[in-house]
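Comments concern the structure below.
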Amino acid sequence: MPILTLGAQAYAAIGTGASYNIVSAIGGGGGGGGSSAADTPRSGPPGKDEVRETTDAFFGAWEKGRAAEAASYTNNAQDAGALLAAYGEEARIGRVDITPGAPRGATVPFTVKATVSADGASKPLRYTSTLTVVRGQTTGRALVDWEPSVVHPDLKDGDSLVTGESAQPPIEAVDRDGTVLTREKYPSLGPVLDTLRQKYGDKAGGSPAVELSIRHATDEADTPLLTLAEGEPGKLRTTLSAGVQAAAEKAVKDFPESSVVALKPSTGEVLAVANNRGDGFNAAFQGQVAPGSTMKIITAAMLIDNGVTSMNGPAPCTDTAVWKSQTFKNLTGMEPNEGATLANSFLRSCNTAFIKLIDEEPVDDASLTREAQERFGLGRDDWKTGIASFDGSVPASGGPDRAANAIGQGQVQMNPLNMAAGRAGYLVRWRVTTAKGPGGYVQSLVFPSSVGTESPVLVRFVFEAGPDGPPVADMDRITRGIRSTADQTSGGGVGSSIGPTG
């Protein structure tokens, strides 16, 4: 997305922190640990007294800013020492006061109160975290099981705490109607807002703030924790809709590991993105998982575009289908239908119907790849979302994966953004035969209105077949030219990106 001085030297408060200082003084300044060196090495889980003694000593050294000593009470002194030293130096955190809560076995919750100081400004800092005391594998000592989250609950491996001028000026992100978007009101947008700030902060016209932030080991944007001096935020307008975002947040709230993307169909603009995850990963945009039966939208289009069948053409739904020695089945309890059409098998999500058709000419190993790229815009690595996103992957596959890909398994990788953005509308065309005369071509075209409520627009075509009828290509030409009466451009209309699916 200057070396500063502490406002005051770290100290332990009398009262809530006093017991740590006493234990530390008895143990000496070299990290004597929670167990006496004269004790015979112990085994088994640490006892209640060992948990108390170890945490008291660890907290006491941490409060005093003695990073090396505090680290000696952990099972990873090197990593712990580096992060604890940076706590007072790079992060400028002092006046540390730690209050432990009631232990739960060997796990101890605690509250940290401290002061962050930089450039003549100071702010109080308060947060809660936990630690667990374990038995040292070689020494038998009771030690703090080291994790970066011991120092701050949001820290992960490789992260560090820093205080200073922000890498990028802050932004005030607003939705399409000017409503301010904040992580407090829309929690899913937290990582998105951090990324937008990292990418556009210096272009939005703001000035840097002085902040305590988490600096990540990856390319991920810094995560601000506390602002000491406000910068001037630059306004950044987005395509998001506050109302739709609120609905998306509500939709994922009760479903762990879920993600939602909402788009404006007529333009492809992102209206909302929401994730319910503990790791902050934007799976809605960057996830790479097998899409399952939603892939049948693309497979059905591929079969129709290659002339294998039509929406009303045959697509028998059998109990099983074998491809390259691998047997595929349907959902348990699905009744077979040997006379099913593609429309019927699609409606029931019959796996075997699709797999039995993928060996028909002219379909080959790359047909699904071409359909995904050319008709749906997937897997071309050319999407411009403004933040990091994965554009889907439908690799050309042989062997059993050719069949598995067709039903959204195998090597196909997608995310909610891909599946939401895969199509601008729907077009079905079929040939009608009559008892007399040449028959004709019938086409139904549906797409969202580009103005007003965006309600669906339905356009039906009927062309006479035979030498006296207009060429079928005229249906495509008319489709591409459809546009709003307010659109005075000379380019293609709203139907320009919609291709036949039947």
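The values are calculated or read from the model by the stated rules, or taken from the named source; none is laboratory data. Every value quoted in this text rests on a predicted model; they were computed, and no experiment measured them. Cβ sites come from the backbone with ideal geometry, for glycine too, and all protein chains shown count toward neighbours. For the accessible areas, the whole protein counts, side chains as well, though only heavy atoms, and no ligand, DNA or RNA atoms are used. Shrake-Rupley method; radii C 1.70, N 1.55, O 1.52, S 1.80 Å.
Given a cut-off of 11 Å, what percent of all Cα-Cα pairs of the stretch 341-383 lie beyond it?
Details: 643 of 903 pairs.
For the stretch 341-383, the fraction of Cα-Cα distances above 11 Å is 71 percent.
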Inset, instruction - Mind listing the long-range amide H neighbours of L263? Cut-off is under 5 Å, sequence gap 5 or more, other chains count too, H placed in the peptide plane at 1.01 Å from N. - result: L271
Inset, instruction - Work out, in µm²/s and without decimals, the Stokes-Einstein translational diffusion coefficient of the stretch 213-354 at 20 °C, 1.002 mPa s, Rh from Kirkwood over C-alpha pairs. - result: 110 µm²/s
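Hey, could you get me the Stokes-Einstein D for the stretch 218-266, Kirkwood radius over alpha-carbon pairs, 4 °C and 1.567 mPa s, rounded to whole µm² s⁻¹?
Numbers: Rh = 14.5 Å.
Translational D for this selection: 89 µm²/s.
Could you calculate the contour length gain from R477 to A290, that is, 0.36 nm times the residue separation minus the distance between their Cα atoms, to one decimal place in nm? Show your work: numbers first, answer last.
Numbers: separation 187, 0.36 × 187 = 67.32 nm, distance 3.59 nm.
The span from R477 to A290 would gain 63.7 nm if fully extended.
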Legend entry - Formal net charge of residues neighbouring T115 (Cβ-Cβ distance under 11 Å; K, R +1; D, E -1): +4
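Could you work out the equivalent-ellipsoid semi-axes for the stretch 317-395, taking the square root of 5 times each eigenvalue of the Cα gyration tensor, largest first, in whole Å? If you can, show how the numbers build up before the last one.
Numbers: eigenvalues 181, 46, 29 Å².
They are 30, 15, 12 Å, listed largest first.
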Inset, instruction - Grab the eigenvalues of the alpha-carbon gyration tensor for the stretch 49-94, scale each by 5, take roots, and send me the semi-axes largest first in whole angstrom. - result: 19, 12, 6
Inset, instruction - Enumerate the calculated ³J(HN,Hα) couplings along the stretch 46-61 in order (Karplus 6.51 cos²θ - 1.76 cosθ + 1.60, θ = phi - 60°), each rounded to whole Hz, writing x wherever the residue is Gly or Pro. - result: x, x, 4, 5, 5, 4, 5, 4, 5, 5, 4, 5, 5, 5, x, 5
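Based on the mean of other Cβ atoms within 10 Å per residue, sort peptides 117-130, 401-414, 299-312 so the most packed one is first. Spell out each step's value before the answer.
Values: 117-130: 15.2, 401-414: 22.4, 299-312: 20.3.
Taking the mean over residues of other Cβ atoms within 10 Å, the ranking is 401-414, 299-312, 117-130.
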Legend entry - Radius of gyration and maximum dimension Dmax of the stretch 57-186, Cα, Å: 17.5, 62
Legend entry - aspartates and glutamates whose Cα lies under 19 Å from that of K64, excluding same-chain neighbours fewer than 8 positions away: E53, D56, D79, E89, E90, D97
Legend entry - Cα-based equivalent ellipsoid of the stretch 289-435: semi-axis lengths in Å, sorted from largest, via gyration tensor: 25, 19, 14
Inset, instruction - Compute the convex hull volume of the Cα atoms of the stretch 150-279, divide it by the residue count, and report the result per residue in Å³ as a whole number. - result: 120 Å³
Inset, instruction - List the residues whose amide H sits under 5 Å from the amide H of A340, counting only those 5 or more places along or on another chain, with H placed 1.01 Å from N in the peptide plane. - result: A315, C317
Inset, instruction - Taking only the C-alpha atoms, wrap a convex hull around the stretch 143-218 and report its volume per residue in Å³ as a whole number. - result: 110 Å³
Inset, instruction - Assuming a ≥ b ≥ c are the square roots of the Cα gyration tensor eigenvalues, decide whether the stretch 39-118 counts as rounded (a/c under 1.5), prolate (otherwise, with a/b larger than b/c) or oblate. - result: oblate
Legend entry - Which listed pairs, of K203/K384; K156/K199; K123/K185, have C-alpha distances above 19 Å, in listed order: K156/K199; K123/K185
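So with the 1.4 Å probe, I'd like the accessible area per residue for the stretch 270-372, rounded to whole Å². Don't skip to the end; give the middle numbers.
On the way: 4710 Å² over 103 residues.
Solvent-accessible surface per residue comes out at 46 Å².
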Legend entry - For the stretch 79-92, Karplus couplings with θ = phi - 60° (6.51, -1.76, 1.60), whole Hz, Gly/Pro x: 5, 5, x, 5, 6, 5, 5, 5, 4, x, 8, 5, 8, 6
Inset, instruction - Pull out a ≥ b ≥ c, the square roots of the eigenvalues of the alpha-carbon gyration tensor of the stretch 287-361, then state rounded if a/c is under 1.5, prolate if not and a/b is larger than b/c, and oblate in the remaining case. - result: rounded
